[in-house]
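These notes are about the structure you will find just below.
Readers should treat all values here as calculations from the given coordinates under stated rules, not as data from a laboratory. Everything numeric in this text was worked out from a predicted model, so none of it was measured. Using ideal geometry, Cβ is built from the backbone for each residue, glycine included, and neighbour counts are taken over all protein chains shown.
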């Protein structure tokens, strides 16, 4: 009788564990499916708003933006003729079309050679609206990169947040900047807004907490204050990039989670060329 009762109890325990394992597997595969679906949705969005590149850029247009070239130019070695020491290729996106699709779109951010190639949202009255929403405002694990609600287009420091997804999407590639060689291979961030496309050179990479003082730096009209913040960023940087912003140059901060602690962040800071 006891043996029979013991077998029943063992069976119940095994059954419970089996249900838990099956539930966990279903949850994992459901999330993987959702993340890959979201990845595809962003790819399709990029495809919709990517403008066709041509080889008709004038010399004047190239001089205005000496550090960034459209993909078609790079394929024809235009970069080799540039007077600057480096260039970056990017695929231009129609910001006006993005805004017509969703008025809360601020622009588009990309880093050549990485998976970072996404729209950037901005909702001052609802700071974290896109933390778990896709471009169309629907629920999403990945969310959509968004500009700090306290910022505006002319802020001294534009802070953009994005998730670190396990499948390597969104801002996950920022964590690779802990390696100096990765920085040398991906030194430039391109931000496209209604005002145009602008190249930003990475000058600092920091590991910080979510309440780090850097998040308090938004804008300043004082050169000494600007220099103080730049010094702070350069001092905390994981390595010396040999680039030092000067007063008047806009700074772009990309922020994502890093490591296993909930409050750990990695910041990639770039200065507008």
Residue 103-residue 37 pseudo-label distance in nm [points 7 Å out on the Cα-to-Cβ vector]: 2.9 nm
Spin-label point model (7 Å from Cα, Cβ direction): what's the residue 195 to residue 94 distance in nm? 2.4 nm
How far is it, in nm, from the label point at residue 244 to the one at residue 210 when both lie 7 Å from their Cα along the line to the Cβ? 3.5 nm
Per 0.36 nm of contour for each residue apart, how much would the distance between residue 166 and residue 46 grow if the chain were fully extended, relative to their Cα-Cα spacing? 41.1 nm
Whole Å is fine, so just give me how far the alpha carbon centre of the range 167-217 lies from that of the range 133-159. 15 Å
Sorting 170, 165 on the 10 Å Cβ count, fewest up front, what's the list? 165, 170
When every alpha-carbon pair in the range 151-217 is counted, what percent end up more than 14 Å apart? 70 percent
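From the alpha carbon gyration tensor of the range 146-273, can you work out the equivalent ellipsoid semi-axes (sqrt of 5 times each eigenvalue) and give them in Å, largest to smallest?
After diagonalising the Cα gyration tensor, the semi-axes are 21, 16, 16 Å.
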Got a sec? How would 193, 184, 219 order by Cβ neighbour count within 10 Å, fewest to most? 184, 219, 193
Going from the fewest other Cβ atoms within 10 Å to the most, one would list 229, 108 as 229, 108
